[in-house]
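The values are calculated or read from the model by the stated rules, or taken from the named source; none is laboratory data. Remember, predicted model here, so these are calculated numbers, not experimental data. Using ideal geometry, Cβ is built from the backbone for each residue, glycine included, and neighbour counts are taken over all protein chains shown.
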Amino acid sequence: MERSNRRRWGGAAVRLVLLAATALVSSCSVRSISNPGRPWGDGNTTYAGELNDFDVVGTAIPADPVAGVVALSPHLRVLVVQSGAGFPDERLLDGLSAHYEVGAASGIPTPALHGQGMRQAAARGGYDAIIAFWGILETSERVTEGVAASWVPLIGPFIPNASQRMRIRMRIVILDVHTGRWRTLLPAPIDDERASSMVTRGSSDRSQVQVLMEAAIPAAIEAITHAPSS
């Protein structure tokens, strides 16, 4: 009897230790705002990676690199590019349209982008500046104590058993098409955290992406339209 009790208590102790260890398990990932649905099988089918800075600003040195300033005056013609996307986010275009005459270009990387980068194409289109932006979603998921209940048939899968923290980071490059000068803007990162169950994991993730984008786009517009001259 005593040996049986020891085995029972020993097995329970092992299970508690494993449960405690599982509660501390976390995973991290990074993805582009141009392909936010990737983990759930509904990603952007045209996604082919990100632009690098030289795809936008080129590698050629301006004839007079210190001439002029990088500043956006109202009603300028600006070409907007979202890295990794065939078309920029509509909310950003709408917001910028209140300040500038806005055009859009593909942000899908191509070997044709070299030397002058997008600058020559923008100049031929009559644009005064290029606004290119990058965005990443950093995700950290931590399994919580609900993991024990998540294996219960029917009921368990609906019990929140993970907490996901997501952060969006944006980077913006403004290029003066006429002078070749450019500058970088870095809006403050924005965070969101919420719990989800095995059943709601995908929908919760998509909701987080939407919430963060809704907050990040106005912040990006604010940074662009109120950027001081440099």
Would you mind finding the one in Val173, Val177, Val211 that is surrounded by fewer than 20 Cβ atoms within 10 Å (Cβ to Cβ), modelled with pLDDT of 85 or more and of a type in the set (A, V, I, L, M)?
Val211
Filtered residues of the range 77-108 (kept if assigned to a loop (DSSP other than H, G, I, E, B) and among the β-branched types (Val, Ile, Thr))
Ile108
Residue, modelled with the lowest pLDDT, within the range 37-55, restricted to residues that are in contact with a Lys or Arg (Cβ under 8 Å, 6 or more places away or on another chain) and not in a loop (DSSP other than H, G, I, E, B)
Trp40
